[in-house]
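These notes concern the structure reproduced below.
Values in this text are rule-based calculations from the coordinates and carry no lab data. Bear in mind that the values here come from a model prediction, so they are computed numbers and not experimental data. Methodologically, a virtual Cβ is constructed for each residue, glycine included, from the backbone with ideal geometry; neighbour enumeration extends over all protein chains shown.
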Protein chains: 2
Amino acid sequence: MSFDPSTLTYDYNGLIPCIAQQDDTGEVLMMAWMNADAVAMTLQTKRVTYWSRSRQAFWIKGETSGHTQELIDLRLDCDRDCLLAVVRQIGAACHTNRRSCFYTSVTSGNEVELMTPQD
Amino acid sequence: MSFDPSTLTYDYNGLIPCIAQQDDTGEVLMMAWMNADAVAMTLQTKRVTYWSRSRQAFWIKGETSGHTQELIDLRLDCDRDCLLAVVRQIGAACHTNRRSCFYTSVTSGNEVELMTPQD
């Protein structure tokens, strides 16, 4: 079946969440949002492109930082309302310069930092 | 630092997305939503508990199907607006009886099914 980005289910802002996962390690790197055009651009360019809710603009991951995400595979879930981008991440995915945005664990009721910023 | 679920950033419906990942394989299983009470219940019971948007009720994963998610670790992202639950999933995470909800790949412009329902 041919894929059409307009057949995904978007929220009231026209956005769909997209989880980025590193292809070889399985690490969950980040979650951000796409609109239908960002989905199409990601598939066309193989460079993962989100929609920045704060800037209200396309966000080609790594365009300024060099920390790009090369698309290996794009997957959709059963409800067609969430995406999983399997990627090759260069450097840090997080704006804090950590590999993953999910660097804080809730352990025994406390917030514990699991990783430090990269050099 | 002590963790307080009310310090997370919730959307206009009071919900935060939560990604479930299998702890040993790294497989991304599903994404669903929690409210602050579901976050607290998940931490307290170690059984991953979502908020069902369709039923407007707590959804203790696997309560009816037996396909439970035991919480191994709960992580928050840099913006405190997305959670990652590292879990031990019994059986299928997806309501279609597939291991993961992300069973459809967009490959060369077509939707390709990557996994079949479990027996």
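Can you tell which of A:R88, A:R98 is within 12 Å of another protein chain (Cβ to nearest Cβ) and either within 26 Å of B:A85 (Cα to Cα) or over 15 Å from the mean Cα position of the chain (by Cα) (or both)? Spell out the reasoning first.
Working: A:R88 fails: within 12 Å of another protein chain (Cβ to nearest Cβ).
Unique residue meeting the criteria: A:R98.
Scan segment B:87-104 and give yes if some residue there is assigned to a strand (DSSP E or B) and farther than 28 Å from B:D11 by Cα, otherwise no.
There is no residue in segment B:87-104 that is assigned to a strand (DSSP E or B) and farther than 28 Å from B:D11 by Cα.
All but one of (1) buried (at least 21 other Cβ atoms within 10 Å of the Cβ); (2) in contact with a strand residue (DSSP E or B) (Cβ under 6 Å, 6 or more places away or on another chain) hold for B:V39; state the number of the condition that does not hold.
All conditions are met except number (2).
Being buried (at least 16 other Cβ atoms within 10 Å of the Cβ), in contact with a Phe, Trp or Tyr (Cβ under 8 Å, 6 or more places away or on another chain) and either polar (S, T, N, Q) or in contact (Cβ under 8 Å) with a residue 24 or more places away in the chain (or both) is true for just one of B:C78, B:C18. Which residue is that?
Details: B:C78 fails: either polar (S, T, N, Q) or in contact (Cβ under 8 Å) with a residue 24 or more places away in the chain (or both).
So the residue among B:C78, B:C18 that is buried (at least 16 other Cβ atoms within 10 Å of the Cβ), in contact with a Phe, Trp or Tyr (Cβ under 8 Å, 6 or more places away or on another chain) and either polar (S, T, N, Q) or in contact (Cβ under 8 Å) with a residue 24 or more places away in the chain (or both) is B:C18.
How many residues does segment B:65-119 hold that are of a type in the set (G, A, S), in contact with a strand residue (DSSP E or B) (Cβ under 8 Å, 6 or more places away or on another chain) and over 20 Å from A:T7 (Cα atoms)? Spell out the reasoning first.
First pass over segment B:65-119, keeping only residues of a type in the set (G, A, S): B:65-66, B:85, B:91-93, B:100, B:105, B:108-109.
Filter once more, so that each one left must be in contact with a strand residue (DSSP E or B) (Cβ under 8 Å, 6 or more places away or on another chain): B:85, B:93, B:100, B:105, B:109.
From what's left, over 20 Å from A:T7 (Cα atoms): B:85, B:93, B:100.
Looking only at that region, the number is 3.
Consider only pairs whose beta carbons are under 6 Å apart and that are at least six residues apart or on different chains; among these, list those whose first residue lies in segment A:21-38 and is part of a helix (DSSP H, G or I) and whose second residue is surrounded by fewer than 17 Cβ atoms within 10 Å (Cβ to Cβ) and among the polar types (S, T, N, Q).
So the pair list comes out as A:A36/A:S6.
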